[in-house]
Amino acid sequence: MSGICKSDRLKMGRRGFLAGLGLCLSGTPVLALTQVADLRGSIDGQDLGLVPDRPEDQSAAMQKAIDRAVARGKALFLPAGSYPVSNLDLPSGAMIVGVPGRTQLVHLGGGGVLMGANGASRIRLEGLSFDGGNKMLGEGRFGLLHFTGVTNLGMTDCEITGSSRSGLALDRCSGHVERCVISGAAEAGIRSVEGVGLTFSGNTIKGCANGGLLVLRWTQGEDGTLITGNRISAIAAKAGGTGQHGNGINVFRADGVIIASNHVSDCAFSAIRANSASNVQISGNTCLRSGETAIYSEFSFEGAIISGNLVDGGTMGISVANFQQGGRLASVTGNIVRNIRLDGPYPEEVAGFGIGIAVEADTVVSGNVIEGAPKYGILAGWGPYMRDLLIAQNILRDCPLGIAVTVVDGAGAAVIQGNVISGATRGAVVGYHWRDAVTGDLAAGAAIPSHLTIAGNTVSG
């Protein structure tokens, strides 16, 4: 009781004090109330007919309570306990607050979703747990919680478990999702389509069957989503494929996305995959034990910054690919790539597995440290698909072949200079015709093709 003084009790009023007392006796700090929301002036759900831990359907009572709270311009507070509900429709201005980890809304099933909104604005959900029970959702419902055309949506300190599709589905929404935990989804943890400047920050997404956090658009265009400080792990690819599923963070056709300071581990394919996403920034992320390429910028994009990431594990560290489809213009700097493997999740294609960094067009590769890539430390170009590469001041250690550079007719210019290459038993810099080595070591006196500039590299055993 030391956390509540007499003056505090007078300010909070009888119901606020009792709620605080309940939290204190349960071992939850009284400060949790202020962390969730200022509940003074809110409406207690029990005053509107909601009874926690009662087994029967409370959907009608919950919907009525939500609507009445909105009509009064107040937040609806749901005390700790379980509430069986389904198909709740949130109007503009709805704010629902629970006790984090203890207020649970359980999906009854029967089609539809647990909760959603269409065309609403200024919705807030705080401190609530949503349990889908793996019950089937209705047709056209892509998440246990599905919001469409919602502006200024806010979700904070919520939990979503057991969705038979995605945990949270957002279509054409703006707002933020912060400090939420999403697990056990049969598709993705979070799925955003045609977002409008969304922010996903500080969330934990784990144990989902086909994706972690997806940011998608039907046609390529500006999206502006911020993905920062999230922890994503154990993402499978139950639907199969060669990278369509099984990615921790997957950005598709969405431009202007920033992916920074996330911790992504144990994904079936990529930790971070940007497909046809221009002006993407992928910076300061930790990517561990990826099943395929750890960080991908691929297909028709222009503009990618990939900097300061730590990659430990994967069949390829970083790939900037598909110049033949317009993939170009990148900066790959200051990354650490290590412990790359030769064995992948499907039979080898194109250049295969075991590569530290691979790039193709209009790209700077500088200041990276690559260790233990069993095929190539760096792959520069593929066939004729190479143009204007600068590969400078990188450190490559214990890669059997340091830098493999294409010498196929039609390949553009590349400058390879000032790199430190040690332990390259098959050569420091070697020219390749597709998958076949066709030159000697270009850093050790072999004739250098006219489209290449190779100078000032330090090579040691």
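Pairs of Lys residues in the chain are counted when their Cα atoms are under 27 angstrom apart and they lie 8 or more places apart or on different chains; the count is 7. Given R0 = 22 Å, the distance between the Cβ atoms of Thr458 and Thr425 translates into a calculated FRET efficiency of 0.85.
Highest average first, the peptides 140-151, 351-362, 442-453 ordered by how many other beta carbon atoms sit within 10 Å of their residues are 351-362, 140-151, 442-453.
Please report, in debye to the nearest 20, how large the charge dipole of segment 92-153 is about its Cα centre when each Lys and Arg carries +1 at its beta carbon and each Asp and Glu carries -1 there. Mind dumping the intermediate values first?
Working: 5 positive and 3 negative charges, 18 e Å.
Dipole magnitude for segment 92-153 comes out near 80 debye.
Between helix 59-71 and the chain there is an angle of about 90 degrees, using the helix long axis and the longest principal axis of the Cα atoms. In whole angstrom, segment 377-461 maps to an equivalent ellipsoid with semi-axes of 19, 13, 11, each derived as √(5λ) from the alpha carbon gyration tensor and ordered largest first.
Using a 10 Å cut-off on Cβ atoms, rank the peptides 200-211, 427-438 from the highest mean neighbour count down.
Numbers: 200-211: 22.7, 427-438: 18.6.
Descending packing order for the listed peptides: 200-211, 427-438.
In segment 225-371, the DSSP beta bridges split such that about 0 percent are antiparallel, to the nearest 5. Between helix 6-25 and the chain, what is the angle of the helix's C-alpha long axis to the longest principal axis, kept within 0 to 90° and rounded to the nearest 10? So the helix axis and the longest Cα principal axis differ by about 70 degrees.
In segment 236-288, the C-alpha radius of gyration followed by the widest Cα-Cα span (Dmax) gives 11.1, 30 angstrom. At q = 0.06, 0.11, 0.13 Å⁻¹ the log10 of I(q)/I(0) for the chain amounts to -0.33, -0.83, -1.03, computed by Debye summation with a single uniform scatterer per C-alpha, solvent ignored. Sorted from greatest to least, the principal axis extents spanned by the alpha carbons of segment 103-260 come out as 39, 37, 29 Å.
If you take every DSSP beta bridge fully contained in the chain, what fraction is antiparallel? Give it as a percent rounded to 5. Each step should come with its number before you reach the end.
Numbers: 4 of 159 bridges.
Among the beta bridges of the chain, antiparallel pairing accounts for roughly 5 percent.
Could you rank the peptides 214-221, 402-409, 282-289 by their average count of other C-beta atoms within 10 Å per residue, with the highest value first? Mind dumping the intermediate values first?
Numbers: 214-221: 16.2, 402-409: 23.6, 282-289: 21.6.
The packing order, highest mean first, is 402-409, 282-289, 214-221.
Near Glu222, the amide H atoms lying under 5 Å from its own belong to Asp255; only residues 5 or more places off or on other chains count, and H is placed 1.01 Å from N.
What's the FRET efficiency of Arg172 with Thr286 using the Cβ-Cβ distance as r and R₀ = 30 Å, to the nearest 0.05? Numbers along the way, then the final one.
Numbers: r = 31 Å, r/R0 = 1.05.
Calculated value: 0.45.
Label reach from Asp388 (point 7 Å along Cα→C-beta): in segment 311-333, amide nitrogens under 13 Å belong to 328-331. For segment 186-227, the residues whose amide N sits under 14 Å from a probe point set 7 Å from the Cα of Gln244 along the beta carbon direction are 210-211. Under 12 Å from a point placed 7 Å out from the Cα of Asn118 along the Cα-to-Cβ direction: which residues of segment 136-172 have their backbone N that close? Under 12 Å, as judged by backbone N against the label point of Asn118, lie 140-141, 147-149 of segment 136-172.
How far, in nm, would the chain grow between Ile336 and Asp436 when pulled straight, counting 0.36 nm per residue and subtracting the alpha carbon separation? The Ile336-Asp436 span can extend by a further 33.3 nm.
Charged neighbours of Leu90, selected by a Cβ distance under 12 Å, balance to 0 (K, R count +1; D, E count -1).
What length, rounded to one decimal in nm, is gained on full extension from Arg72 through to Val408, with 0.36 nm per residue of separation minus their alpha-carbon distance? Each step should come with its number before you reach the end.
Details: separation 336, 0.36 × 336 = 120.96 nm, distance 7.17 nm.
Full extension of this stretch gives 113.8 nm more.
Could you tell me which of rounded, prolate or oblate describes segment 179-246, using a ≥ b ≥ c as the square roots of the eigenvalues of the alpha-carbon gyration tensor, with rounded for a/c under 1.5 and, failing that, prolate when a/b is larger than b/c and oblate otherwise? Walk me through the numbers on the way to the answer.
Numbers: a/c = 2.42, a/b = 1.19, b/c = 2.03.
Cα axes put segment 179-246 in the oblate bin.
Between segment 109-136 and segment 147-207, the alpha-carbon centres lie 11 Å apart. Projecting the Cα atoms of Ile43, Thr315, Ser422 onto the charge dipole of the chain, computed from C-beta unit charges around the Cα centre, puts Ile43 farthest toward the positive end.
The phi-based Karplus calculation (6.51 cos²θ - 1.76 cosθ + 1.60; θ = phi - 60°) puts the 3J(HN,Hα) values of segment 423-431 at x, 8, 5, 9, x, 7, 9, 10, x Hz, whole numbers, x for Gly and Pro.
How would segment 309-351 be classified by its alpha-carbon gyration tensor: rounded, prolate or oblate, with rounded meaning a/c under 1.5 and the a/b versus b/c comparison settling the rest?
Oblate is the answer for segment 309-351, as a/c is 1.5 or above yet b/c matches or exceeds a/b.
When a/c is below 1.5 the answer is rounded, else prolate if a/b is larger than b/c, else oblate, so apply that to segment 273-383 with a ≥ b ≥ c taken from the square roots of the Cα gyration tensor eigenvalues. Taking the square roots of the gyration eigenvalues as a ≥ b ≥ c, segment 273-383 is oblate.
Can you give me the orientation-averaged projected area of the convex hull built on the Cα atoms of segment 52-161, in nm²?
Numbers: hull surface 24.5 nm².
The orientation-averaged projected area of the Cα hull of segment 52-161 comes to 6.1 nm².
Every number in this text was worked out from the coordinates using simple rules, so none of it is lab data. Given the structure is predicted, the values throughout are model-derived calculations rather than measurements. Neighbour counts are summed over all protein chains in view; Cβ atoms, including those assigned to glycine, are modelled from backbone coordinates with ideal geometry.
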